[in-house]
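Report on the following structure.
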Amino acid sequence: MSERPTKRSRENRGELGAGAFWVRLYRAMLVLAPQSFRGAYGAAMVETFARRAAEARRNKRLPGRLFFVGREILGLALAALRERLPGRQMARRGEKRRPGERLSSVLRETRHAIRRLAKRPGFTAATVLTLGLAIGANTAVFTLVDSVVLRPLPYPDSERLVWLDHAAPGIGTERGLDMTHGLYELYRTEARSFDEMAIWVTTDVTLTGTGQPERLEAGVTTASLFSALRVPPRLGRTLAENDDYSDGTGVVVISHDLWVRRFGSDPKVIGRTIEANGTPLEIVGVMSKDFAFPSPETKLWAPLSYDATSFGSFSRRGIGRLKPGVTAAEAEVDLRGLMPGLVDMYPVDQMKQVIEGARVTPLVVGLKDHVVGDARRTLWLLLGSVGFVLLIACANVGNLFLVRAEDRAREVAVRAALGASRGDLVRHSLVESTLLVGTGALLGLLLARWAIGALVALGPQNIPRLHQVGMDAGVLAFTLGLMVVASLLFGAIPVLGSRSDLLSGLKEGARGSTSGRVRLRARTALIVAQVSLALVLLVGAGLMARSFWNLTRIDPHFDAKSVLTFQLGLSGNDYPDRESAVAFHQELIERLRSLPGVEAVGATTCLPLCSAWNGSPIQEEGYPPEPGEVPPVVALRRISAGYIEALRIPLLAGRTLKLSDQQNLTGAVLVSRALAQLYWPGLDPIGKRIHHAFDAEDPDWYTIVGVVEDTPIRELTEAPSRILYMPLLHTSGGGVSPFFMSYAVRTSTPALDLVPLVRAEVASMDRGIPIAHVRTLGNIVSDSTIEMAFTMVMLVLAASVALILGIVGIYSVISYMVSRRQGEIGVRIALGAEATDISHMVLRQGGIAAAAGLFLGLLVALGLTRLMTALVYDVSPTDPATFAGVAALLFGVALLASYLPARRAARVDPMEALRSE
Amino acid sequence: MPPDRPQPSDFLPLSVLSFHVLLALGGGPAHGYAVGKEIERRSDGRLSPTTGALYQALKRLREGGLIERAPEAEADSEDARRQYFRLTPLGRQVAEAEARRMDQLVRVASDRKLYGRSS
């Protein structure tokens, strides 16, 4: 049977656009049907549904389309159910038809329920909308959690993949030291826990040849990366072991995206050549569309070559595939046992000191844990928050059901009196609640789909695996689960409310009877629950808002307003030495400075918040390190003259770098405040001389000519970093080369307006150099806070919805209470109660419930906000001001919501009220 | 021992949807979507089965031996997922039997002046 989709049918599906979502949903829902039915007819059903959906899109307006989809999905669910019941053959004479009969009675019940609900549009709309919003929010956030945290990585046996990291307690580094090729050689040959191991480094390359020059990210990797991940190429081959040790040029594997964009999906692309940084590379393979390692931005993979006799620097990333049955902890023990052997492999004294002094220690963590990282906490917190919103919504809807149950008590009693069994009543009620919740869930799915699109587009791009986010069967199961629980809950309310004494409904007049009082108590309990849940959410949102406020008030020690930044890289072919590269940068800086509106221009190897450390240990003149001692590591930056001025980093002492420092190789350098304080606390560092530690070959001493303020390297909240600023041209650079530079252009006009002029200047100097990462410095700063901003916005949204639902809940319960007690109030007024007494009585009722909710909520919040410790900044998770402020706000709002019905109660006309008794 | 050959009368009365499916396939092999369309057209939109109900009916009719897959029509199809069905000889007999049964009913009804086709 040829039921595999053909290429053509896939294209047809693509044409449906937004309709494709429903087709996917339909296909996913087929899991409801038994395997035999699905296997035989599933593909054909999807095809039929897709054509009908396309037809509905053409011929129907939105409500009609929604009706179509709802009906089709209901039809599928019913068919699946019928298929799962026994005895579904073609009915022949004399055979029983029982399951069908039972089903048709359910269908009849459904029709009746629809009619009943249509008669109460207010109730129906309020229920469906409330549930739709809450289920939608939960589905959307659960989709994120599922895609980012729960789903395994898209590699076979991905739970065996681990990230290879190192700590160095000797220099205070807890993690993040990554790999060196020396360690790779050691582990690869000696470790027993691994099937495969790979290291790589990512770098930006300039692609020329066919089409426009373009900057993109390349993974320079050992061939074993592909076998460790177990991913086959789409075309050709992946890198091979003997590619590794060639001269590092020659072959390349390209991404699916690059293949489509630059080569028009040409199936004969293998063997063609592209030029990366001026080096021709032969394409040997194309990866499949979903291969995105190490990131979706990686567009090509080239072989990594290195000198196996040297130790290398900690600039390589590493992963491994564990042998079956080996845990990450066991692998870690295995690797730690190998460390002493390292000294024999690389008997260079100073290297030995680094290893032994820094006490480099292997760390092995699951690859997924590494990839997901801190996002896990944020996402679970969000799911918890929308879960609370769902609970509050359920409290509201439960309330509506209670009111309705009261209204229908008579009808239920009559039915019972006429012989309806308890089972009939339960089914009656369940069909209704399922219909309402089901419609709410459909609406929720629609909202969730829209919300996910918005979250992916607007959420922080540093949430890992964001490109993989999408609904799948797991998400549908989650929504279905919510739906079933909610349906049972609400379906049970009227039946439980009716209890054993069904006939009391007949007897009950307008006066509050015992069961009426029970329900009132139930509703008051709902207020308490709503207020307490809303309080917890508001406290969470308040803490995040304060954290964010604190974050925005951090002074990064540079002025991010109207500064344009961009990167460019010079290829080694056209600029063979540092002198030619620096000459290029110098000229470009001069040209940019003469552009209209430009106030200052500078270039650096790494802008603030660039996240690259480029560390190197340094020593002070006259203080050589003791044997075994590792001097402090500092971050190295090459900067052009004018860079400090362009960023307006405050100068604390001495002077900044001048053009002459670079031209005359004076050895003048700047240090950051933290570096100055570490070496010369309380002293004047100007004129002191420093030197790269362990670099006996490097005769250069640097002379400190100035001290500037600390600027952040990774994030605004980090402790001040020790940074050493060197001129662009200086023989020793600790591996920081001037070929790739980031530019900062301060303008008096809107920064982005300058982009075309900058491009033109660069092109007029060298047409083959593309500029990349064009953004304003302000964007860079706001991106560094986006994760907290995102968490805050989501929590504030959740808290706002909670607050609104809470107000509605309190208002409706108190109003209802007032209307039920109108007779009593009338009597009180007739007996001489003042209007204020009446309104106080009502207010007190609302106030007591709200106060109880606040108390409960405060206890819960105190317990839960501890989970937020790692997310907040510069505010205690039990911050009294936030707690008190939120409690006061909520109490005020609760009183306001009770005040309106209270005022109405006070205006009750006693005669009117008594007459209606 | 082979089971008794099913007789057309064993299947009567047919469900409304099953009968309509057989009628739709009376004109030759068709795929699921086309069967659905034909039923809608013939019933002036009064009968419009969901995709789920339609395929369930197709499955039951196929299991009962009234219809079968039509591989020669599938070979020409532009979409490999599409399944074509056609009547089996038994299916044709069942449809005829059902039509006859209905015709008898109609005649009884009109004899009793319950149906306005005065003869």
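Brief remarks on what is shown
- Any hit, segment A:241-248, residues being under 30 Å from A:Leu466 (Cβ atoms) and either at pLDDT 90 or above or assigned to a helix (DSSP H, G or I) (or both): no
- When residues of segment B:64-74 are limited to those that are crowded, with 17+ Cβ neighbours inside 10 Å and within 12 Å of another protein chain (Cβ to nearest Cβ), the one nearest to A:Ala43 (Cα to Cα): B:Glu74
- Considered as a group, the residues in segment A:751-797 that are small (Gly, Ala, Ser) and outside any helix (DSSP H, G or I) include one that is surrounded by the most Cβ atoms within 10 Å (Cβ to Cβ), and that residue is A:Ala772.
- Restricting the search to helices (runs of 4 or more DSSP H) fully inside segment B:39-119 and requiring at least 2 residues that are touching a Ser or Thr at 6+ places or on another chain (Cβ under 9 Å) and either in contact (Cβ under 8 Å) with a residue 24 or more places away in the chain or within 18 Å of B:Gly26 (Cα to Cα) (or both) gives B:51-63, B:89-111.
- Only listed residue being in contact with a strand residue (DSSP E or B) (Cβ under 9 Å, 6 or more places away or on another chain) and facing chain A (nearest Cβ under 9 Å), chosen from B:Leu61, B:Leu54, B:Leu25: B:Leu61
- Segment A:814-911 holds helices (runs of 4 or more DSSP H) entirely within its bounds, and those carrying 1 or more residues that are under 39 Å from the mean Cα position of the chain (by Cα) map to A:835-864, A:880-906.
- Restricting attention to segment A:42-91, the residues being at pLDDT below 80, of a type in the set (D, E, K, R) and assigned to a helix (DSSP H, G or I) number 3.
- All conditions in (1) under 27 Å from A:Glu787 (Cα atoms); (2) touching a residue at least 24 places away in the same chain (Cβ under 8 Å); (3) surrounded by fewer than 17 Cβ atoms within 10 Å (Cβ to Cβ) hold for A:Gly863, with the sole exception of (2).
Results for (1) touching a residue at least 24 places away in the same chain (Cβ under 8 Å); (2) closer than 25 Å to A:Thr298 by Cα; (3) of a type in the set (Val, Ile, Thr), shown as yes or no for each residue.
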position: A:Leu161; (1), (2), (3): yes, yes, no
position: A:Ala168; (1), (2), (3): yes, no, no
position: A:Gly176; (1), (2), (3): no, yes, no
position: A:Met197; (1), (2), (3): yes, yes, no
position: A:Gln212; (1), (2), (3): yes, yes, no
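- Scanning segment A:664-684 for residues that are surrounded by fewer than 22 Cβ atoms within 10 Å (Cβ to Cβ) and over 13 Å from A:Met726 (Cα atoms) gives A:Asn664, A:Arg673, A:Ala674, A:Gln677, A:Leu678, A:Tyr679, A:Trp680, A:Pro681, A:Gly682, A:Leu683, A:Asp684.
- One residue from A:Ala525, A:Ala541, A:Ala534 being of a type in the set (Gly, Ala, Ser) and either free of Cβ contacts under 8 Å to residues at least 12 places away in the same chain or on the phi > 0 side of the Ramachandran plot (or both): A:Ala525
- Residue check, B:Gly27 closer than 22 Å to A:Arg52 by Cβ, surrounded by fewer than 20 Cβ atoms within 10 Å (Cβ to Cβ), without any contact (Cβ under 8 Å) to a residue 12 or more places away in the chain and more than 16 Å from the chain's Cα centre (by Cα): no
- Evaluated against (1) among the polar types (S, T, N, Q); (2) at pLDDT 90 or above; (3) crowded, with 17+ Cβ neighbours inside 10 Å, A:Ser748 falls short on exactly one condition, (3).
- Residue match in segment A:225-243 (condition: more than 25 Å from A:Trp163 (Cα to Cα) and among the polar types (S, T, N, Q)): no
- Residues located in segment A:600-650, provided they are of a type in the set (A, V, I, L, M, F, W, C) and more than 17 Å from A:Arg722 (Cβ to Cβ): A:Ala600, A:Val601, A:Ala603, A:Leu607, A:Ala641, A:Ala646, A:Leu647
- Conditions (1) at pLDDT 80 or above; (2) surrounded by 15 or more Cβ atoms within 10 Å (Cβ to Cβ): number failed by A:His112: (2)
- In the set (1) under 30 Å from A:Asn779 (Cβ atoms); (2) out of contact with any strand residue (DSSP E or B) (no Cβ under 8 Å at 6 or more places or on another chain); (3) surrounded by fewer than 21 Cβ atoms within 10 Å (Cβ to Cβ); (4) at pLDDT 80 or above, A:Ser611 fails one condition alone, (4).
- Filtered residue count, segment B:75-106, keeping only those that are small (Gly, Ala, Ser), within 13 Å of chain A (Cβ to nearest Cβ) and over 15 Å from B:Ala34 (Cα atoms): 4
- Flag if A:Ser616 is farther than 24 Å from A:Phe740 by Cβ, among the hydroxyl-bearing types (Ser, Thr, Tyr), touching a residue at least 60 places away in the same chain (Cβ under 8 Å) and surrounded by 20 or more Cβ atoms within 10 Å (Cβ to Cβ): no
- Cross-chain or 6+ apart pairs with Cβ under 7 Å, segment A:32-47 first and in contact (Cβ under 8 Å) with a residue 60 or more places away in the chain and at the interface with chain B (Cβ under 7 Å from one of its Cβ atoms), then buried (at least 23 other Cβ atoms within 10 Å of the Cβ) and basic (Lys, Arg): none
- Only one of the listed residues (A:Val601, A:Val539) is buried (at least 22 other Cβ atoms within 10 Å of the Cβ) and over 34 Å from the mean Cα position of the chain (by Cα). That residue is A:Val601.
- Set side by side, the residues A:Leu129, A:Leu183, A:Leu133, A:Leu177 differ, and just one is more than 19 Å from A:Val326 (Cα to Cα), touching a His at 6+ places or on another chain (Cβ under 8 Å) and outside any loop (DSSP other than H, G, I, E, B), which is A:Leu183.
- If you go through segment A:298-317 and keep only what is under 27 Å from A:Thr273 (Cα atoms), part of a loop (DSSP other than H, G, I, E, B) and in contact with a Ser or Thr (Cβ under 8 Å, 6 or more places away or on another chain), you end up with A:Leu304, A:Ser305.
- Answer from B:Asp44, B:Asp10 - the residue that is facing another protein chain (nearest Cβ under 7 Å) and farther than 24 Å from A:Leu81 by Cα: B:Asp10
- Among the residues of segment A:197-220, those that are modelled with pLDDT of 90 or more and touching an Asp or Glu at 6+ places or on another chain (Cβ under 9 Å) comprise A:Ile199, A:Ala218.
The values are calculated or read from the model by the stated rules, or taken from the named source; none is laboratory data. These figures come from a predicted structure and were not determined experimentally. Note that we place each Cβ from the backbone using ideal geometry, even for glycine, and neighbour counts take in every protein chain shown.
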